[in-house]
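Some notes on the structure that comes next.
The values are calculated or read from the model by the stated rules, or taken from the named source; none is laboratory data. Keep in mind that what you see is a predicted model, and the values were worked out from it rather than measured. Every residue, glycine among them, receives a Cβ derived from its backbone with ideal geometry; neighbour counts consider all protein chains shown. The area values use the complete protein model at the heavy-atom level, side chains included, leaving out ligands, DNA and RNA. Shrake-Rupley method; radii C 1.70, N 1.55, O 1.52, S 1.80 Å.
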Amino acid sequence: MTLFDTIAVLFVTAAMLGYLNHKTLKLPFAIGIMVASVFGSFLVLGVSAAFPALGAGVLFRQVLADIDFAEALMHGMLSFLLFAGALHTNMDALRKWAKEIAVLASIGVLISTAAIGVGSFFVFSALGFEVPFAYCLVFGALITPTDPVAVLGIMKAAGAPKDTEIKVIGESLFNDGVGVVVFTALLAIATGGGGHVEPSAVAVLQLILIEVVGGIALGLIGGYITYLAMRSLNEPNLETLISVSLVMGITFLAFQVHTSAPLACVVAGLFIGNQGRHDAMSDETESAVDTVWSFIDEALNAVLFLMVGMQIVTIPFTTQTLVASAAIIVLGVSARGLAVWIPMTIMARSSPFPPGTRLILWWGGIKGGISIALALSLPEFPGRELILTVTYAAVVVSVLSQGLTIGQLIKRVTIGEVPAMVAAAVAPDAAASTEEE
């Protein structure tokens, strides 16, 4: 199959499953597509086994063979999704909680990585799997980032208080970039000498600084150049094209100079979505940019979760790996709790949080496609297939369990924070939104 054939199959399938979900399943958009994709994958294989002459299984396997999931997500889709999310995030509200978000997206990521890394080493050892400790830490880093795509949609649909919403969304936007940086540094340590010889601390620190500082600088420079160009124009279509080229350009440059593309795209999206929106866009341009980027966000979101669902047929599950997956799922949720509770308990002494914030941040730490992509990018080592299996299981269970219940949790723990009149207004809106979905 050509590249166009593969893309065509993915988009047509995503559109069909999206329609099916809207009419029958009525689940949240991305979750519904993933669920339909999982069942559809097994259905195609079943039909192929019963009626091999139809060639359905051959086409399905060919599509999977032509998709480099890690490459597609990490070198393209993630940049667009993060930019789209940041583009619609209010910088003033984000700035109010900047310290808390920064701590959660950095210290919180490190706590979760360490907890999962150490815990998974003992879990795997207890079940008879031999996975080097260095790669267990790498696993902790790749399974820690949350999915900003799912979080963005759920927060808005659930009618969460703005302060709570901005903390959850802001932390999710930035912890992807930080998580990838930590993953890159730990992978460098693990592969420095077959997992036995570690690079120097100076080299690792230099790698982290280049990734983080370089990514933020690239996002600011790219965003500012785009801002200047848009301010000198009043051509909605051209300005929209420039915004798309910005994401492509900084992603390309980030990989060339080895900086963090996710962080660059988040920073650029915040710059254009706030400074650019206020000073460089006419009403027509703002409407055009928002329309195009909303479509890009929804379309790529649909394709991403479709691909996540399709990957299930490539994962080798056994009784032993299922037990390991169950243990890792519990470990991951517990580590997320530590990553939220420890920093927030310390920060609460100087910055009180609304009731329920810790609980929402904890349960709202939904895993996503980035974890699968990072796992697929791992080199060969003892335990690689196990890591792939438990990562996939953790992502699917997280999306289904937390993604389908976080909305109700938000309503329960936050409804007392707003006046009764506001609560009465929020509840019908949320209910209507749920019915529409």
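Across region 222-263, what is the total count of residues that are within 16 Å of residue 296 (Cα to Cα) and of a type in the set (A, V, I, L, M, F, W, C)?
Qualifying residue count, region 222-263: 6.
For region 49-67, give me each residue that is assigned to a helix (DSSP H, G or I) and surrounded by 12 or more Cβ atoms within 10 Å (Cβ to Cβ).
Across region 49-67, the qualifying residues are 54, 56, 57, 59, 60, 61, 62, 63, 64, 66.
Per-residue answers, yes or no, for (1) more than 24 Å from residue 32 (Cα to Cα); (2) touching an Asp or Glu at 6+ places or on another chain (Cβ under 8 Å); (3) in a helix (DSSP H, G or I):
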residue: 281; (1), (2), (3): yes, yes, no
residue: 288; (1), (2), (3): yes, yes, yes
residue: 294; (1), (2), (3): no, no, yes
residue: 298; (1), (2), (3): no, no, yes
residue: 303; (1), (2), (3): no, no, yes
residue: 306; (1), (2), (3): no, no, yes
residue: 317; (1), (2), (3): no, no, no
residue: 328; (1), (2), (3): yes, no, yes
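Return yes when residue 104 is part of a helix (DSSP H, G or I), within 20 Å of residue 333 (Cα to Cα), modelled with pLDDT of 90 or more and open to solvent by 50 Å² or more (accessible area, probe 1.4 Å) and no when it is not.
Here the answer is no, as residue 104 does not meet what is asked.
Within region 6-38, work out how many residues are free of Cβ contacts under 8 Å to residues at least 12 places away in the same chain and either closer than 19 Å to residue 397 by Cβ or of a type in the set (Asp, Glu) (or both).
1
Report yes if some residue within region 363-372 is open to solvent by 10 Å² or more (accessible area, probe 1.4 Å), farther than 24 Å from residue 28 by Cβ and touching a Gly at 6+ places or on another chain (Cβ under 9 Å); otherwise report no.
no
Do we have residue 222 as open to solvent by less than 90 Å² (accessible area, probe 1.4 Å), closer than 30 Å to residue 379 by Cα and either part of a helix (DSSP H, G or I) or at pLDDT 90 or above (or both) here?
Answer is no for this residue.
Answer yes or no as to whether residue 383 is at positive phi, in contact (Cβ under 8 Å) with a residue 60 or more places away in the chain and touching a Pro at 6+ places or on another chain (Cβ under 9 Å).
Spelling it out, residue 383 is indeed at positive phi, in contact (Cβ under 8 Å) with a residue 60 or more places away in the chain and touching a Pro at 6+ places or on another chain (Cβ under 9 Å).
For region 14-42, which residues satisfy the criterion of being open to solvent by 50 Å² or more (accessible area, probe 1.4 Å) and assigned to a helix (DSSP H, G or I)?
15, 16, 19, 20, 22, 23, 24, 25, 29, 39, 42
Which of the residues spanning region 335-357 are assigned to a helix (DSSP H, G or I) and either over 14 Å from residue 105 (Cα atoms) or open to solvent by less than 30 Å² (accessible area, probe 1.4 Å) (or both)?
335, 336, 337, 339, 340, 343, 344, 345, 346, 347, 357
Which numbered condition trips up residue 368, out of (1) within 23 Å of residue 32 (Cα to Cα); (2) free of Cβ contacts under 8 Å to residues at least 60 places away in the same chain; (3) in contact with a helix residue (DSSP H, G or I) (Cβ under 8 Å, 6 or more places away or on another chain)?
So residue 368 meets the others, but not (2).
Just checking: which of the helices (runs of 4 or more DSSP H) contained wholly in region 378-437 hold 3 or more residues that are modelled with pLDDT of 50 or more?
384-397, 403-414
Just to be sure, is residue 321 more than 23 Å from the chain's Cα centre (by Cα) and crowded, with 18+ Cβ neighbours inside 10 Å?
Yes, satisfied.
Being closer than 25 Å to residue 28 by Cα, open to solvent by 20 Å² or more (accessible area, probe 1.4 Å) and of a type outside the set (Ser, Thr, Tyr) is true for just one of 283, 297. Which residue is that?
Sole residue among the options that is closer than 25 Å to residue 28 by Cα, open to solvent by 20 Å² or more (accessible area, probe 1.4 Å) and of a type outside the set (Ser, Thr, Tyr): 297.
Take region 339-369 and flag every residue that is among the β-branched types (Val, Ile, Thr) and in contact with an Asp or Glu (Cβ under 6 Å, 6 or more places away or on another chain).
The answer is 366, and nothing else.
Just the residues that are farther than 23 Å from residue 318 by Cα, of a type in the set (A, V, I, L, M, F, W, C) and at pLDDT 95 or above, please, taken from region 111-136. Give the derivation first.
Step one: filter region 111-136 for residues farther than 23 Å from residue 318 by Cα, giving 111-115, 118, 134.
Subset that is of a type in the set (A, V, I, L, M, F, W, C): 111, 114-115, 118, 134.
111, 114, 115, 118, listed by residue number.
Can you confirm whether region 119-126 contains a residue that is crowded, with 16+ Cβ neighbours inside 10 Å and under 21 Å from the mean Cα position of the chain (by Cα)?
Within region 119-126, not a single residue is crowded, with 16+ Cβ neighbours inside 10 Å and under 21 Å from the mean Cα position of the chain (by Cα).
Is it the case that region 71-83 has a residue that's out of contact with any Leu (no Cβ under 6 Å at 6 or more places or on another chain), at pLDDT 85 or above, more than 18 Å from residue 392 (Cβ to Cβ) and open to solvent by 60 Å² or more (accessible area, probe 1.4 Å)?
Yes, there is a match, as at least one residue in region 71-83 is out of contact with any Leu (no Cβ under 6 Å at 6 or more places or on another chain), at pLDDT 85 or above, more than 18 Å from residue 392 (Cβ to Cβ) and open to solvent by 60 Å² or more (accessible area, probe 1.4 Å).
Answer yes if at least one residue in region 226-244 is within 18 Å of residue 82 (Cβ to Cβ) and open to solvent by 50 Å² or more (accessible area, probe 1.4 Å), and no otherwise.
Scanning region 226-244 turns up no residue that is within 18 Å of residue 82 (Cβ to Cβ) and open to solvent by 50 Å² or more (accessible area, probe 1.4 Å).
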